[in-house]
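The values are calculated or read from the model by the stated rules, or taken from the named source; none is laboratory data. Here the structure is a predicted model, which is why all the values come from computation and not from measurement. Virtual Cβ from ideal backbone geometry, glycine too; neighbours counted across all protein chains shown.
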Amino acid sequence: MTGFKTKKTKPFVWVWFPLFMAGLLFGGNPMAKEENQDNIFMMSKGDKTPITVKAPGEFSIKIESNPTTGYSWAMQPLKENEKNLVKFKEQKVEEPGEESRKERLLGAPTYEIFTFEALAPGKAVIELHYRKPWEKDVPPIQKHKVIVTIE
């Protein structure tokens, strides 16, 4: 055969790329992505997210927010039977890094992080409401339930 040349392909194409694609396809729960080994769970768009944590231990829920618009996430009180399973520790707004702070536009989204302690095995529902805190009689514009299974 003339004019047809075979070219040696790099190991990336035949080995690493298929592994990368398989990781994307089968990478775990698409609703909640564990950000790192510190048990930080990133909430997706939508109204509920299941997560699994181990007791005793600490975990955090990270959800997109836009505090410059006046809206923020507020945790609703836990049910009495859930207070033995999960303990609320703190809520904070994630500060952008120095580089992104320079480029950050007014009204650009950031993240709110809610940190909890898992006390005992069971199931608890953490409900978050997105609203302006001073508008007490106005329904939230968004709600998100986090269904926590504690092992």
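Name the single residue that is surrounded by the fewest Cβ atoms within 10 Å (Cβ to Cβ) among those in the stretch 125-151 being acidic (D, E) and closer than 24 Å to V53 by Cβ.
For the stretch 125-151, the residue satisfying everything is E151.
Of all strands (runs of 3 or more DSSP E) completely enclosed by the stretch 73-151, which ones contain at least 1 residues that are under 23 Å from N39 (Cβ atoms), at pLDDT 95 or above and among the small types (G, A, S)?
It comes to 110-118, 122-131.
In a strand (DSSP E or B) and of a type outside the set (A, V, I, L, M, F, W, C): is that true of T68 in this structure?
It is false that T68 is in a strand (DSSP E or B) and of a type outside the set (A, V, I, L, M, F, W, C).
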